Amino acid sequence: PWSTPLSPNHLAGFGGTTVTNFALDIAVKTGVSHIILGGVDFCFDKQVHTHASGSQEHATGLRPHQCQVQVETNSGQMADTSIEYMDAGRHIDSQIKDAIAQNCRVINPSANSMRLLNVEHLSLDDIQVEQLKQQIGRAHV
């Protein structure tokens, strides 16, 4: 999302402060009507990890020193987070409010993610995806 000599010109006009902001912006501006968030938690797990197991960030260990506030999760529980994660969640929620105004539905299936006002929480089992009838080349979309 940052301007560099390697950035393709055709992505001009897309923005965001993080990769998640950028990806959400691209999806909405290109007409995506349903977005399912994965790994967009904005809070720590119960062991105070910031990222999922198997990632480099998880391997760096616990981060209890970053626990500055608590937020409510989609399951109604409280979870520790940092001010930066909480602010990022609020920013994404504002961005999603704009997406909804453009008829884009945003779902987060994670019960352990920070609850955001403009994001629907549905379990993976409850998400229904219809196959599109449009065909591009040899691939169905």
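The values are calculated or read from the model by the stated rules, or taken from the named source; none is laboratory data. Predicted model only: the values in this text are computed from it and were never measured. These area figures cover heavy atoms from the full protein model, side chains too; ligands, DNA and RNA do not enter into them. Shrake-Rupley method; radii C 1.70, N 1.55, O 1.52, S 1.80 Å.
Our coupling estimate for the range 116-124, obtained by passing each phi through the Karplus curve with A = 6.51, B = -1.76, C = 1.60 and θ = phi - 60°, is 10, 4, 9, 10, 6, 10, 9, 5, 4 Hz, Gly and Pro reported as x. For H34, the accessible area of its heavy atoms, probed at 1.4 Å with every protein chain present, is near 110 square angstrom. You can think of it this way: the chain between K133 and V19 has 38.0 nm of extra reach, that is 0.36 nm per residue less the Cα-Cα gap.
A cut-off of 5 Å between modelled amide H atoms, ignoring neighbours fewer than 5 places along the same chain, links I35 with R105, V106, I107.
On a full-extension model of 0.36 nm per residue, what is the gain between S123 and R105, subtracting their alpha-carbon distance, rounded to one decimal in nm? Working shown, then result.
Details: separation 18, 0.36 × 18 = 6.48 nm, distance 1.48 nm.
Stretched out fully, the S123 to R105 stretch lengthens by 5.0 nm.
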